[in-house]
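> Below you will find the structure I want to go over with you.
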Amino acid sequence: MHFSTSFVAVVAALLSASTVDAHMVITSPTPFNPEQLTNSPLDPSGADFPCKFSDTYTAGNGAVPAENIFPAGSQQTLSFKGSAVHGGGSCQLSITDDKLPNKSSVWKVIHSIEGGCPSSVDGNLPEDANGTGASVFKFQIPDTIKPGDYTFAWTWYNRIGNRELYMNCAAITVTAAVKRRYAPLPTAQTANHVSLSKRQDLPMMFVANINGCTTSEGKDIRFPNPGESVQYAGKPSNLMGTNQPICSWKDGKPGPIPGNGSGGSKPPPSSTVSVEPQYPTPESIPVSPPTSPSVVLPSSYASAPIASRPFNAPEVSPGFFATQKLSAPGPSATPASPLSAPNPGAGAGTAIDKNSSNSGSGSGGSMNGPCSNEGEWNCFGNGLKLQRCASGMWSAVTAVAQGTKCTSNSGDIDISVVKRGVVAPAKMHRRRGHGSHLS
């Protein structure tokens, strides 16, 4: 549906008249000093950037609450209270390794929500300062984040109403990734411990409306560099075009245009539901024949490889508070995250269900994407191909060793060594460790 400029202006006036008592604040992660946190936007002058820090609001003791301790690679919740969602908008989730951020802090984006944040409605929710009717989002702490203390930030550009920037911050602790029972730690965890401020694979946080570059009203903005973890939670018709400036300077000059994380333009979403990025399909790994009568499954069965790619250093464009000195590009261990087809059953502001699992068999086919039954085997291709559920994802498909066949058995597998027409069965059970051996 298309709204005229006059209609948007009327709605904006009504929204601006709403009491500030109903503006939005985050409830998860738990923000700094929540008892003193107000729900107003940042001052247009930028005086209280970042985090609304001022003479009247501080980080308090800066302690990390127990609920803000997040393992690397884990999925976490972004939730709100309030009701003045101003027709939705776009949000970014960022982190800095400064425990008490200041105007020189370097913020790196870990997730972007373009449209429908904090809710996908045309106006406001029913007025309630403590209302919980806004959308609840899921985001992931990248498994390449080095364990330590960080500050998390939620930034929001409202679609309708005054041109504002909202920002709440929270103290968080990132711990080492939880090692799943049947799989080793992700290779990315040990491969990328570069200082956060120097990482080129995570984009800089976008900043506007407090620095002289003002966003347009009536559209959900796109970000110059949303990063690889992007979610669409609003109506496609509300999303701004890919070739128009995100904000404009006071002298009329255009600001940056939308990007896709690597400098190009990004096509609009094809559905109103949000899409959670999926991991890339791992490449198959060849397996050498065994050199002894026992059959040993390689560790590749238990852990899908992490894709890597070169990443060009992003250009610093207008609208950024860029304090980072860009260096030469280097390899990144962060998995690429192409958008998958939307799930018609998923609602706005939610993620596609990752808890589905399918059991494989010797007569079935390969499994792709998420799985929930850790350690489960999938044998298919007439018993000549294998893969395993590891770290929540189906691993690469690998051929069994020469002279052997597999059959599924309630999530375990039976490996049969074919020798001169005699089949000697050997049972494979789920076992702790990087690889499994025949008993």
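> Filter the stretch 25-71 down to the residues that are in contact (Cβ under 8 Å) with a residue 60 or more places away in the chain and charged (D, E, K, R) and list them by number.
Scanning the stretch 25-71 gives 43, 52.
> If you don't mind, there's one more thing I want to ask. Specify which of the listed residues (212, 259, 263, 218) is at positive phi, in the same structural domain as residue 44 (by TED's automatic domain parsing) and at pLDDT below 95.
263
> Determine which single condition residue 91 fails, assuming it passes every other condition in (1) touching a residue at least 24 places away in the same chain (Cβ under 8 Å); (2) hydrophobic (A, V, I, L, M, F, W, C); (3) over 28 Å from residue 162 (Cβ atoms).
Result: residue 91 passes all but (3).
> Give the number of residues within the stretch 117-143 that are within 17 Å of the chain's Cα centre (by Cα) and modelled with pLDDT of 95 or more.
10
> Go through the stretch 187-209 residue by residue and tally those that are surrounded by fewer than 23 Cβ atoms within 10 Å (Cβ to Cβ), in a loop (DSSP other than H, G, I, E, B) and at pLDDT below 95.
Of the residues in the stretch 187-209, 6 are surrounded by fewer than 23 Cβ atoms within 10 Å (Cβ to Cβ), in a loop (DSSP other than H, G, I, E, B) and at pLDDT below 95.
> Residue 143 - would you say it is in contact with a Leu (Cβ under 9 Å, 6 or more places away or on another chain), more than 20 Å from residue 223 (Cα to Cα) and acidic (Asp, Glu)?
yes
> Pull out all pairs, ordered by first then second residue, where Cβ-Cβ is under 8 Å, the residues are six or more apart or on different chains, the first lies in the stretch 228-239 and is surrounded by fewer than 23 Cβ atoms within 10 Å (Cβ to Cβ), and the second is of a type in the set (Phe, Trp, Tyr) and not in a helix (DSSP H, G or I).
Listed pairs, sorted by first residue: 229/139; 239/232.
The values are calculated or read from the model by the stated rules, or taken from the named source; none is laboratory data. Please read these numbers as outputs of a predicted model, since none were measured by experiment. Here Cβ is always computed from backbone atoms with ideal geometry, including for glycine, and neighbour counts include all displayed protein chains.
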